[in-house]
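Here the structure is laid out as structure tokens; the discussion comes afterwards.
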Amino acid sequence: MKKIALVCSGLLFSSLANASALYFYEIGTEDTALAGAGQAARAQDASTISSNPAGMTRLPDHMVTGGLQMLGGNIDYQLNDDRLQSPGNLLDVMPNASGFYSQKITDNLYAGIGMYGNFGLGVDFGDWAGDRLIKKSSLMALTVSPSLAYKLNDRVSIGASVNANYGFLSITRDANGDHTDKDHDWAASYRLGLLMDLTDQTRAGITWNSKTNYDFNVDIKANYPQGDFAIPLTAQVNAPQQLMFSLVHDIDKHWSVMGDLGWQDWSEFGAPQITVNGSTVNNSSRLKDTWHTALGVQYRPTDLWRLNAGVAFDSTPYHSQSDVALSMPTGDEWRFATGAQYQLTPASNVGFAVEYLHMQSGKVATPEVFSGSYDHPYLWFASMNYSYQF
């Protein structure tokens, strides 16, 4: 029983400590078509609230932007022990949506609000050798982001958001039938942004996002031939602070190029506070800070069309791909994206985007009884967005 409890707590610890380590730039907006390139400096619609609130000073008096998105892919997990049933592909197709509104208050002051989800992951192991310990695991978050922006002068603007983040944790296992344990929590975070016109053709943006702390309490119940047992578990899960620097350069009226350089503080995230059965469990820090870079291009062949393409790279949060968490199959990530915007009327435009995200393979070493590997996992995104100004 002691061994079973240790394996169970180890699995849960891995799931809780790392479930939100996939931080997505894709929220159903035009940024998806550019692989996120130029996100802190582009400011072409109201979704700038999520990437740099200072960008609202470049928008019309009133603007609404909304997006719908689907996420899918193949995250295949195969156990090292061929005698055990492997989970296979853990990923189901997942929907997402976002909405933003901004308006001009005075000549220099702008206000807006956004609602979106940009981190978390749900995995479904299905019927496999370890389904009595974990069958499904998900950590999802929804952010509501009231924001302000102020134009200091014709070239410099600042912005800030106070984010209310709703986190939801759910863990399902086979305990004489599927049994789900879940909890939720509200957490606050903050975003500061600066937007500068360096020249008439070049602008730069920089954004800082604070970390987000969620506290979850769940009673994990499992069933084994030796008897039933429950493990009370408390976890503080952190989404890390991050910095993003972006540049956009308009070559002429047809062409623009843009790029990013970003940093995320996953090394601090690597040691969350976990309590199992009243005892604190210390995580051996397996995570390191990550870096993001992206390059995108925008082509405007006519006044009605805007064509986008981008590529991005995010470094792995792991010190070693031979010791990745069971519930966080990630590594170095490459994004390849394209899409287009069409001007329906002088006041409205619609767009679509597709993106392919390739993740580095990884091996799971602990818990040893369920060790295995993720080989060449990938995700895809397909989205549509709409903006209206008035």
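Applying a threshold of 6 Å to beta carbon distances and a minimum spacing of six or more residues, or different chains, the list of pairs starting in segment 59-72 at a residue that is buried (at least 22 other Cβ atoms within 10 Å of the Cβ) and at pLDDT 95 or above and ending at one that is of a type in the set (A, V, I, L, M) and not in a strand (DSSP E or B) reads MET63/ALA46; THR65/ALA46.
Within segment 208-249, if we keep just the residues that are among the hydroxyl-bearing types (Ser, Thr, Tyr) and surrounded by fewer than 20 Cβ atoms within 10 Å (Cβ to Cβ), the residue that is modelled with the lowest pLDDT turns out to be TYR224. If you check ARG300 against the conditions, is it farther than 19 Å from PHE119 by Cβ, basic (Lys, Arg), surrounded by fewer than 21 Cβ atoms within 10 Å (Cβ to Cβ) and at pLDDT 90 or above? Spelling it out, ARG300 is indeed farther than 19 Å from PHE119 by Cβ, basic (Lys, Arg), surrounded by fewer than 21 Cβ atoms within 10 Å (Cβ to Cβ) and at pLDDT 90 or above.
Just one of VAL364, VAL369 is farther than 29 Å from PRO240 by Cβ, at pLDDT below 95 and more than 20 Å from the chain's Cα centre (by Cα); which is it? One residue alone meets the criteria, VAL369. Just for segment 308-327: of the residues that are part of a loop (DSSP other than H, G, I, E, B) and without any contact (Cβ under 8 Å) to a residue 60 or more places away in the chain, which one is surrounded by the most Cβ atoms within 10 Å (Cβ to Cβ)? In this case the residue turns out to be VAL324. When segment 250-290 is filtered for residues that are modelled with pLDDT of 95 or more and in contact with a Gly (Cβ under 9 Å, 6 or more places away or on another chain), the ones remaining, listed by number, are SER256, VAL257, MET258, GLY259, ASP260, GLY262.
Scanning segment 161-196 for residues that are closer than 19 Å to THR48 by Cα and within 20 Å of the chain's Cα centre (by Cα) yields SER161, VAL162, ASN163, ALA164, ASN165, SER189, TYR190, ARG191, LEU192, GLY193. Selection of segment 343-371 for residues being surrounded by fewer than 18 Cβ atoms within 10 Å (Cβ to Cβ) and closer than 13 Å to ILE75 by Cα yields HIS358, SER361, LYS363.
Based on what the data block shows, is THR330 under 23 Å from ILE171 (Cβ atoms), at pLDDT below 95 and not in a loop (DSSP other than H, G, I, E, B)? So THR330 fails the test.
The values are calculated or read from the model by the stated rules, or taken from the named source; none is laboratory data. Since this is a predicted model, take the numbers as computed values, not measurements. When we count neighbours, we look across all protein chains shown, and the Cβ atoms used for this are built from the backbone with ideal geometry, even at glycine.
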